[in-house]
1. Provide a single number: the residues in the range 212-237 that are part of a helix (DSSP H, G or I) and either at pLDDT below 95 or within 16 Å of ligand 1 (Cβ to nearest atom) (or both).
2. Of the residues 118, 188, which single one is in a loop (DSSP other than H, G, I, E, B) and on the phi < 0 side of the Ramachandran plot?
3. Check 61, 91, 105, 7 and return the single one that is away from ligand 2 (no atom under 16 Å from the Cβ) and touching a residue at least 60 places away in the same chain (Cβ under 8 Å).
4. Give me a count of the residues in the range 37-54 that are surrounded by fewer than 18 Cβ atoms within 10 Å (Cβ to Cβ) and more than 14 Å from ligand 2 (Cβ to nearest atom).
5. I'm trying to understand the selection: among the residues of the range 46-62, which are more than 8 Å from ligand 1 (Cβ to nearest atom) and either within 13 Å of residue 203 (Cα to Cα) or out of contact with any helix residue (DSSP H, G or I) (no Cβ under 7 Å at 6 or more places or on another chain) (or both)?
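The values are calculated or read from the model by the stated rules, or taken from the named source; none is laboratory data. Note that the structure is a prediction, hence the values are computed from the model and not measured. Positions of Cβ are generated from backbone atoms using ideal geometry, with glycine treated the same way; all protein chains shown enter the neighbour counts.
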Ligand code: ADP
Ligand code: ADP
C-alpha cells in the first residue's frame, strides 16, 4: 500500500532529513513511528501525501509512483489520505458538524461552505463519523467550547467522513494530557480495526506506541534503526 525505495529527502538548506529509507506498509496496518525530535518522523509522513517532495528514490502509494504526480494527481492522492496534526487545524468559531461537513467532500465549492448548503447524505455521514469517535452529542457545539481531546476527535471525525484509505497522524496526542491521549489512541485503534484503514502515527511517547500500534518503526537522524512488532521491542531501541 505504501512503499519507500531508497528515499532521500534533502531540504533546500542542505539538511538530509531522510537518508535511503526503505519501507513497506500493507493495507490495514497500524504503524507507530518513534524517534527523538528532529529524527525525521514528520518529514517521512509528509512525503506520503506530497506535503513534502522527495529528493531521490521512489515512493509508491497504491502502486502509483507519487513523486512525479502533478496537480490533479496530487489531489486524487490526497483524497485517499486523511491527515491529522498535533494542533487539530479546526475552524474554532463554527460548530463541530460544520467543521466535518466542509471537508467531507473533496473540493466542495466555496459557496456551499459559506452558505452551509449540505445534502442529507452528507449530514448523515458527518453524524456517523462523530458518533464513531464518541462526540455525537457535541455536533452543534462550537469547536472552541471543547477540550483538546474532544477537538482532536473532531479532527478524526472530519478525516473519517472523507473515507480515506490511509490516515497519517503527526504527533496527534502530543498536546493532550495522558488520560485523553490514551482515549484518542484508542479511537485510532478502533478505526484501524473496524474500518480496516491503514494508520501511520508519529509519536514520541514510546509507551503509547508500544501499547497501541502493531508495528513500530524507530528512526534516528533520517535512518530506520528499528522495524518490528511492538511486542518485540526491547530496551535497546
Ligand atoms: P521529527 O518529526 O522527527 O521531529 P522532522 O521531520 O520535523 O523531525 O525534522 C527532521 C530534520 O529536518 C530536523 O533536523 C529538522 O530541523 C529538519 N527540517 C524539518 N523541516 C525543515 C525545513 N523545512 N527546512 C530545513 N530543515 C528542516
Ligand atoms: P511540526 O511538529 O508541525 O513539524 P516544527 O516546529 O517541527 O512543527 O516545524 C514547523 C515548520 O518549520 C515546518 O514547516 C517545518 O518543515 C519547518 N522547519 C522545521 N525545522 C526547520 C529547520 N531546521 N529549518 C527550516 N524549517 C524548519
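1. Step one: list which residues in the range 212-237 are part of a helix (DSSP H, G or I), which gives 212, 230-232.
Subset that is either at pLDDT below 95 or within 16 Å of ligand 1 (Cβ to nearest atom) (or both): 230-232.
Counting residues in the range 212-237 that are part of a helix (DSSP H, G or I) and either at pLDDT below 95 or within 16 Å of ligand 1 (Cβ to nearest atom) (or both) gives 3.
2. 118
3. 61
4. 0
5. Within the range 46-62, 47, 48, 51, 53, 55, 56, 57, 58, 60, 62 meet the criteria.
For every residue, the table says whether it meets (1) within 13 Å of ligand 1 (Cβ to nearest atom); (2) surrounded by fewer than 17 Cβ atoms within 10 Å (Cβ to Cβ).
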{"site": "11", "(1), (2)": "yes, yes"}
{"site": "32", "(1), (2)": "yes, no"}
{"site": "35", "(1), (2)": "yes, no"}
{"site": "71", "(1), (2)": "no, yes"}
{"site": "79", "(1), (2)": "no, yes"}
